[in-house]
Amino acid sequence: MLPRSKIIMLTAASASLAMVGATTANADNGNDRNNNSVVHHRDAPNPYVAGDMHNHNTCTDGSVSVGYALDRILGSGTAAAGGPNFDIDWFTLGNHGGSGNRDCRFSDTSAAVPGETTTYWNNTLGQTIDGITIGSLKGTPSGSGNNRVMWRWQNIQEIEWPYIVRRSQQYNKVVIEGLEWIVPGHEHADVGVITGQNPRGRHVGSADNMAKFEYLYDRNDNDLIGPVDESGNSVWAGKISNAGLVGDNAHQKAVTAVTWLQSHYPLSSYVVPTHSERQGPFSSTGNAGYNIEHFRDLNNAGPTVAFGIESPGHFAEGGVNGGSGSYGSGAVGGGTYGMQGIYTAKIGGLWDGMLGEGRNFFIYVSSDWHSRGSFGARDTSTTADFWPGEYTKLYVPNSNYDSQDGHDDDHGGDGKRSDKRHGNGQGNDGSDFESRDVVDGMRQGNSYSVNADIIGPDMVFRARGPHGDWKTMGETLVVDPGDMITLEMAVTVPTKNNSPYGFNNPLLEQLGISQPLNKPYLDHIDLITGNITGVIAPGAPGYAVPNAAGTAGEAIVYNPSTKIAKQVATSSMTETRNRDGSSRFTFTTRMKAGSTPFYIRTRGTNLPPATPNATDGEGNPLLDKNNVNVVCADPACPSHLGKVNNTLRVTNDVQAWSNVWFYANPIFVRPANQPKLLVERNAELAERLADRH
Amino acid sequence: MDGRKTMLQFAFAVFSGALLLNSPAMAEGVAEPGEPTLEDCTKALQDGRDKANKISAKSLSRYFAERFLQNAEAEAGNGEFDGCLEYAEKAIDEIDNRWHWLAPGETFRVMTPTGYMELRGDDR
């Protein structure tokens, strides 16, 4: 039996919407094949699966070895040497490009893993360790003594890939070799090239295509030799030297790299700029951040490859001077806002500017795991990063979720998964979920990003008109002007998260709300709308927008039509208690379509509007640095928090567990008499490419 | 367990790794004008070490600063000299402002390979 969903009016929708009267009628859940019901049977497969695509080990600047990291991330229960495992559903190893001087078959001494000490390539050449023998450091020699480095392309091929093959088979999970690309001219970006990677298959393949991209295009890879053939000739031609490349010239190398991916791997690769506010705005004389025109350039060059942006990780780095997300005062926005950068946190900000063109441009989240700061890898407290799966979860559709459970296998989609058959398969165990499902889910925008398990793996966010199918995140609903649109949403708030702290949330204590940090709590959900006014051509007015470092960057508005159209308190939703103690919240709202295309996106938080030092009166996140104004007064508050005026403050991991949000990608709505949006055209391009391959 | 002795041993093991950046032959960077170099990083690390060594080994701030310096070294080993400078600056800020300290009765505990290390206040 379906629960009744309360009908909640969208009272302040975009200009294209007209209010309609409230009704008590339940939303029609329909019988079409795209009906992804708001009901989720708790013993059925989850509609979405959680992953992480940005993280590090001692191959670059992380603290733990490749094998140890994979075991902690993929395993369940407690690690043999202590510390919880995080049992993530899928995992992409997204380590820096460039080089590294540590032998990453070993953890760093600082990680305090029993039996592990910092070890350098210089110490172990020729030795067989974990079945892997590194005979030489290939490519252009660099460094001496313990500073001799292995270029990352060799590391990807000869170290990380063998571990990925073993662990993906051991845990029977999707594991991908990715990259945190040091982007010429810019900050960093997550990249994956899954073609050739088949670690659970009979023929495991290789990560050579990923390694080749790194060699050719990474800003910190200054090797000019790469792998060689039997005659000693370089086998990867076409490298553009990084020497002298800054500003626009370097940016052009980045565009060339994306063009290369679009040409070679249009459905099996991705480029997602990450912590993109951190280094401030783009610099014409150096290598720094991104402005909106650079995201537009990348999306233009890679319409099925460069389709989004990632919020920062490093969620526990916030000290008394700010620093959450590893964002200092010079970041665009001057820091994080609800653990997001200002590009995605601000209503009408850069992300809304991209969506206001109708672009396929979506947001994602990952841990950016390096270390636990002042703690070791097995400690449950952290002053720096969380493990993948501990705090952040990037949800993509689960291909094992099917209609036999009374649900749809398409998550409200309209057949976009047809390109799956053309990807690079890896499963041979009866599991349908494969690496290409991760890339498909990301590219299609059918994904959402969750911190601190504020909601679970079964979110429903969908809309439909009077006729036709439900459309979900990343899809476009086509209606006639004047049509009534039904929007339905359902989320499950789990009973617990991974927080080690059972004391009450200090930010909520300011409001008299007693809520333990280790028990997720959802206060409300925002429905955010913005008008779509069409793609801006390169060089046209508004294509490039001046950017600014610090809090000046917070003031920039890219899409002034964006607004919180409706804020829905959980207290006004229908709540269903599940047997495991979790709560399922559902609501439905209706709106009348106007004559202008628009999008609807959603976010939710544990913080009510006007929470002092945390949210403004409308519920927008304030600069997270303000959290330090709040005293952590509970006797159980840990001693590693920063102190001001002799009192512990809401900083580090306590800040992260206190200031919790989720973000979901948009549903687009287009009147039938309007031309197709870019997001539709690029989805059709992906379909054509799938049919062609 | 003798918390002070264990802490000193652990801190030494941890901090000794930060002394490895003295070689001028680090990974060849293509540092553009105005961008941090290995030399900048090495100097910042030394400044941080000098600051840290001036305060008590029992200090929680010193412990935090030394961990920041370790992060800085890891960044340098990856060729990320801007990250190296940022962490070195955090270490110096920590020492200058003593953002972390233990009041009487407070303890700070972190796992070591064989058990745990504990600091107890008052360390100011």
Subset of the range A:109-153, residues part of a loop (DSSP other than H, G, I, E, B), in contact (Cβ under 8 Å) with a residue 40 or more places away in the chain and closer than 23 Å to A:I182 by Cα, comes to A:K138, A:G139, A:T140, A:S142, A:G143, A:R148, A:V149
When you look at A:H203, is it without any contact (Cβ under 8 Å) to a residue 24 or more places away in the chain and part of a loop (DSSP other than H, G, I, E, B), yes or no?
-> yes
Qualifying residues in the range B:41-65 (those that are touching a residue at least 40 places away in the same chain (Cβ under 8 Å) and either facing another protein chain (nearest Cβ under 9 Å) or of a type in the set (S, T, Y) (or both)) - the one surrounded by the fewest Cβ atoms within 10 Å (Cβ to Cβ) = B:S56
In this structure, does A:I88 turn out to be surrounded by 19 or more Cβ atoms within 10 Å (Cβ to Cβ) and either within 30 Å of A:F433 (Cβ to Cβ) or at pLDDT below 95 (or both)?
-> yes
Mind listing whichever residues of the range A:454-477 are among the charged types (D, E, K, R) and out of contact with any strand residue (DSSP E or B) (no Cβ under 7 Å at 6 or more places or on another chain)?
-> A:D469
Yes/no for A:R584 being crowded, with 16+ Cβ neighbours inside 10 Å, under 19 Å from A:R670 (Cβ atoms), basic (K, R) and modelled with pLDDT of 95 or more | no
Does the range A:210-254 hold any residues that are surrounded by fewer than 17 Cβ atoms within 10 Å (Cβ to Cβ), within 14 Å of A:G98 (Cα to Cα) and away from chain B (no Cβ under 14 Å), and which are they?
-> none
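Regarding the range A:127-135, can at least one residue be identified that is more than 14 Å from chain B (Cβ to nearest Cβ) and under 24 Å from the mean Cα position of the chain (by Cα)?
Of all residues in the range A:127-135, those more than 14 Å from chain B (Cβ to nearest Cβ) come to A:127-135.
Those still in the list that are under 24 Å from the mean Cα position of the chain (by Cα) too: none.
Scanning the range A:127-135, I find no residue that is more than 14 Å from chain B (Cβ to nearest Cβ) and under 24 Å from the mean Cα position of the chain (by Cα), so the answer is no.
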Have a look at A:A686, A:A656, A:A633 and point out the one that is over 22 Å from A:S514 (Cβ atoms) and either touching a helix residue (DSSP H, G or I) at 6+ places or on another chain (Cβ under 7 Å) or touching a residue at least 24 places away in the same chain (Cβ under 8 Å) (or both).
-> A:A686
Take the residues in the range B:95-124 that are of a type in the set (S, T, N, Q) and not in a loop (DSSP other than H, G, I, E, B), then tell me which one is farthest from the other protein chains (Cβ to nearest Cβ).
-> B:N97
For the range A:646-682, what are the residues that are among the polar types (S, T, N, Q), more than 19 Å from A:N606 (Cα to Cα) and within 12 Å of another protein chain (Cβ to nearest Cβ)?
-> A:N646, A:T647
Unmet requirement for A:R296, which otherwise passes all of (1) more than 16 Å from A:F361 (Cα to Cα); (2) of a type in the set (D, E, K, R); (3) touching an Asp or Glu at 6+ places or on another chain (Cβ under 9 Å) | (1)
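The values are calculated or read from the model by the stated rules, or taken from the named source; none is laboratory data. Nothing here was measured: the structure is a model prediction, and the numbers come from that model. Positions of Cβ are backbone-derived with ideal geometry, glycine not excepted, and every protein chain shown enters the neighbour counts.
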